[in-house]
Amino acid sequence: MDGSVLTTLATATAADVDRAVASARRAFEDGRWSRMAPAARKKILHRIADRIEAEAVALTVLGVRDNGCEFNMALKAEAGSAAGTFRYYGEALDKVAGEVAPTAPDVLGLVHHTPVGVVGAIVPWNFPLMIGAWKLAPALAMGNSVVLKPAETASLSLLRLAEICAECGLPDGVLNVVTGPGAETGAALAAHMDVDVLVFTGSGATGRLLLEASARSNLKRCYLELGGKSANIVFADAKDLDHAARVSAMGIFRNSGQVCVAGSRLLVEASIHDAFVARVVDYAEALRVGDPLDLRSDIGAVNSETQLAANLAHVERARHEGGVVQCGGERLLTSSGGTYMAPTVVTGVSERADLFRQEVFGPVLAVTPFEGEAEALRLANATDYGLAAGLWTQDLSRAHRCVAAIRAGVVHVNTYGGADNTVPLGGVGQSGNGHDKSLHALGKYTDLKVGWIQL
Ligand code: NAD
């Protein structure tokens, strides 16, 4: 957050990962959790949710000091969301029932949802608690054991969460955390022969390595939640352009743009382009960027020097490709030191430009004008990603047409970025496969097993 050393973490070697997986396997096989009555599992998940809520401020401060996200947002998105996720899956776990299949009358065909066994979970540094909970809670709810690898720059809140789980009665060995660099600790988990399912949130480059590791090891199932370059389309008939500008700005700038669903491509109908961009720029310039633990800050720090340098390089390249930086584009020097970047708006970004195609994962908004609905849809879909999108219009038919036509896991209408536990989060194309959240996520953590009984 301010560049100072907070703590040091152990690097789990391949041998440590092996021990963690063996511990998870033992716990799974002896049934201390996997065969515990669902009502008892539910109680423990609820207890964990209560404890997260009770410790929300401390957990949030721990996470913010680690990854630099602004406190106000982190309190809701990290601790608040993690508590809600444990509660949601605690509530859901005894609603999952098998089926009696419509077989011939002399056969009883039973379809069971069985836990998969050992789940490996590898999560990123942006929103570690929230994304960690999206993996842990449904995996545990279904009776699995887990080996979790947090990101090396954001492990602390997840380590505390693991302690909370133990204090709330999760049996020993069911949740194991291994810290360390991706290339060593993460790679060992991905290649492990006794991990049944690997769930991951992070970059496409790492996602590819995980698929390779699965292919080379035991063909474990891999669910990848990857990045995005999400389009936010503003039609001239949008109802309240001030509101749209404010929400669109926060759709990219919150958590310094380090949000997988960030609306990083703003497509604006040509007739309102200049006026709308001016509003977005006004709003961006008014945002207070600074110490993430200062409650007056709207935006906190960029996660690391490496990420900040990459963000600035993207802006430089955009300039060379004809983009015009309307605001930001530079490092911000603040009293707390550290890695801060001014919210940046670049106009004139052509669909051939890198800034139009590549995910920055920083506070950089690429603006492109369009003429009419067909061009808006073509530009929105001109991406290898497919995580999220937004559109602003008062025309209900157009809204439905666009929701259907845009290739993305979620399309927001007259807002950007809303979500809760009841709806899945996941993408298409190179944004990955599988979904976190909602009842649909439970399928990742169960196998289908048939009992075929001749009567
Ligand atoms: P990353 O892929 O570098 O790291 C993610 C995790 O993978 C970390 O724990 C890291 O240690 C581990 N890792 C890295 N190399 C590994 C390897 N060779 N083997 C095994 N594990 C390895 O990504 P990041 O920079 O931490 O996160 C940012 C990315 O995550 C962005 O692209 C962003 O869009 C994406 N993201 C996606 C979602 C989503 O739900 N789709 C949510 C948040 C972030």
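The values are calculated or read from the model by the stated rules, or taken from the named source; none is laboratory data. Note that the coordinates shown come from a computational prediction; the quantities given were computed from them, not determined experimentally. Counting neighbours? That spans all protein chains shown, and the Cβs are built from the backbone with ideal geometry, glycine included. Ligands, DNA and RNA are stripped out before the accessible areas are found, and what is left, the full protein with its side chains, is counted by its heavy atoms. Shrake-Rupley method; radii C 1.70, N 1.55, O 1.52, S 1.80 Å.
Things to note:
- Members of region 257-306 found to be farther than 21 Å from residue 245 by Cβ and surrounded by 23 or more Cβ atoms within 10 Å (Cβ to Cβ), listed by number: 258, 260, 291, 292, 300, 301, 302, 303
- Test: residue in region 313-335 that is within 16 Å of the ligand (Cβ to nearest atom), in the same structural domain as residue 402 (by TED's automatic domain parsing) and open to solvent by less than 60 Å² (accessible area, probe 1.4 Å): yes
- Residue within region 55-69 that is in contact with a helix residue (DSSP H, G or I) (Cβ under 8 Å, 6 or more places away or on another chain), open to solvent by 70 Å² or more (accessible area, probe 1.4 Å) and over 30 Å from residue 255 (Cβ atoms) present: no
- Matching entry among 141, 162, 137, 133 (being in contact (Cβ under 8 Å) with a residue 12 or more places away in the chain, in the same structural domain as residue 219 (by TED's automatic domain parsing), more than 10 Å from the ligand (Cβ to nearest atom) and surrounded by fewer than 24 Cβ atoms within 10 Å (Cβ to Cβ)): 162
- When 299, 252 are checked against the criterion of being in contact with a Pro (Cβ under 8 Å, 6 or more places away or on another chain) and farther than 25 Å from residue 377 by Cα, a single residue qualifies: 299.
- Top-ranked residue of region 363-422 - restricted to ones that are at pLDDT below 95 and small (Gly, Ala, Ser), ranked as farthest from residue 241 (Cα to Cα): 419
- If you go through region 173-204 and keep only what is within 24 Å of residue 447 (Cα to Cα), among the small types (Gly, Ala, Ser) and in a loop (DSSP other than H, G, I, E, B), you end up with 173, 191.
- When restricted to residues that are under 18 Å from the mean Cα position of the chain (by Cα) and among the hydroxyl-bearing types (Ser, Thr, Tyr), region 366-423 contains 3.
- For region 176-200, taking the residues that are of a type in the set (A, V, I, L, M) and open to solvent by less than 30 Å² (accessible area, probe 1.4 Å), the one that is farthest from residue 34 (Cα to Cα) is identified as 188.
- Residues considered: 230, 203. Of these, the only one that is of a type in the set (S, T, N, Q), buried (at least 24 other Cβ atoms within 10 Å of the Cβ) and at pLDDT 95 or above is 230.
- Search result, residues across region 397-418 that are surrounded by fewer than 15 Cβ atoms within 10 Å (Cβ to Cβ) and within 16 Å of the ligand (Cβ to nearest atom): 418
- Filter pass, residue 34 being in a helix (DSSP H, G or I) and either surrounded by 17 or more Cβ atoms within 10 Å (Cβ to Cβ) or not assigned by TED's automatic domain parsing to the domain that holds residue 340 (or both): no
- Qualifying positions in region 217-258 - free of Cβ contacts under 8 Å to residues at least 12 places away in the same chain and part of a loop (DSSP other than H, G, I, E, B): 219, 240
- Looking across region 255-281 at every residue that is over 16 Å from residue 323 (Cβ atoms) and in contact with a Cys (Cβ under 9 Å, 6 or more places away or on another chain), the one that is nearest to the ligand (Cβ to nearest atom) is identified as 258.
- Tallying residues that are within 9 Å of the ligand (Cβ to nearest atom) and surrounded by fewer than 24 Cβ atoms within 10 Å (Cβ to Cβ) within region 110-129 yields 1.
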